[in-house]
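Scroll down for the structure; my scribbles are underneath it.
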Amino acid sequence: METDVEGLIGAGRYERSGERSTWRNGYRDRTLDTRLGSLQLRIPKLRQGSLLPAVSRSSQELGEGADRGDPGGLDRRRVDPAGRRSGAGDGAVGISKSQVSKLCKEIDERVHAFLDRPLAGEWPYLWLDATYLKQREGGRIVSVAAIIAVAVNTDGRREIVGLHIGPSEAETFWSSFLKSLARRGLRGITLVISDAHEGLKAAIRRVFGAAWQRCRVHWMRNALAHVPKTQQSMVAAALRQAFLQPDRAQASAMLRHVADQLRQKWPKLAAFIDDSETDVLSYLDFPEQHRSKLHSTNPLERLNKEGQAPRRCRRHFPQ
């Protein structure tokens, strides 16, 4: 710091120089937390301007602790211990509430920059899924929908392209979310994979005009809801035969055959198959090497599981 301040002033201590830009003005005491403990520093002060010492490693490490703790579900009161474990010794002084707020604000800025980034190129496949979280709003705990969107570009690279929080999964909510993706450059969508939400289906047609694939996992769950539990294994095995067929025509014929066989015993199941056959087989119109990833929202399951960590740590989130 002494070397830095001499370079900033343009003269050494007690040195007379015509190149001097300002003068020293004492010191200010500060504490630096490190992995080896706390250091008491005397930072030189200037009459004009200020010195920013290049000893910020500890604050960076504490910030990294906050980065790792925030996605893990830590609230701001608990970032301090996480920062100590990351950047300081056991006996070190922690970080203040204002420092925690600043660190969290920086994290928020990076998250928003990532979610608002421009999207270039073609993105033929888009997966959408929603999960519900508890949020404090106006002094009450309410349930809100957290929507995540993942897309694949023509190079085969899969990325998170959007995340949005809303009160419900109504069509207006889905439309505004999909329009925001389109404004950022998401184009070339040929197939959207999601669960069956009428509002979402209408929004997909309006915004992207793309084909829609109903998640096969959710479809099977909905189908078996029309069958007694004791018969679900048998019915599931019969329905899966359709998904083993090599093309859409044979898969469709197999589903209709199963529906006709079960129509007399479980008419609601047969009607469900009739109504949803087209939607659940849309993925068969696409290249065979892609189909294993296109028939369901399973590519989002890992992301959803990672998102459960903060939900387990915190019962609800601030607005």
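Observations
- Counted residues, region 1-36 - those being closer than 15 Å to residue 49 by Cβ, touching a residue at least 12 places away in the same chain (Cβ under 8 Å), of a type outside the set (A, V, I, L, M, F, W, C) and surrounded by 11 or more Cβ atoms within 10 Å (Cβ to Cβ): 6
- Criterion (in contact with a helix residue (DSSP H, G or I) (Cβ under 6 Å, 6 or more places away or on another chain) and in a loop (DSSP other than H, G, I, E, B)) met by exactly one of 227, 192: 227
- Residues (open to solvent by 30 Å² or more (accessible area, probe 1.4 Å) and either under 23 Å from residue 196 (Cβ atoms) or at pLDDT 95 or above (or both)) located in region 239-248: 240, 241, 244, 245, 248
- Tally of residues being modelled with pLDDT under 80 and touching a strand residue (DSSP E or B) at 6+ places or on another chain (Cβ under 9 Å) across region 10-22: 1
- Within region 50-71, being modelled with pLDDT of 50 or more and touching a Ser or Thr at 6+ places or on another chain (Cβ under 6 Å) holds for 64, 65.
- Residue count for region 153-174, restricted to those that are in contact with a helix residue (DSSP H, G or I) (Cβ under 8 Å, 6 or more places away or on another chain) and either among the aliphatic types (A, V, I, L, M) or open to solvent by 10 Å² or more (accessible area, probe 1.4 Å) (or both): 11
- Within region 207-224, being over 18 Å from residue 248 (Cβ atoms), under 25 Å from the mean Cα position of the chain (by Cα) and in a helix (DSSP H, G or I) holds for 207, 217, 218.
The values are calculated or read from the model by the stated rules, or taken from the named source; none is laboratory data. Only a predicted model underlies this, so the values are computations on that prediction, with no experimental measurement involved. Glycine gets a Cβ as well: all are built from the backbone with ideal geometry, and neighbour counts include every protein chain shown. Side chains included, ligands, DNA and RNA excluded: accessible areas come from the protein's heavy atoms. Shrake-Rupley method; radii C 1.70, N 1.55, O 1.52, S 1.80 Å.
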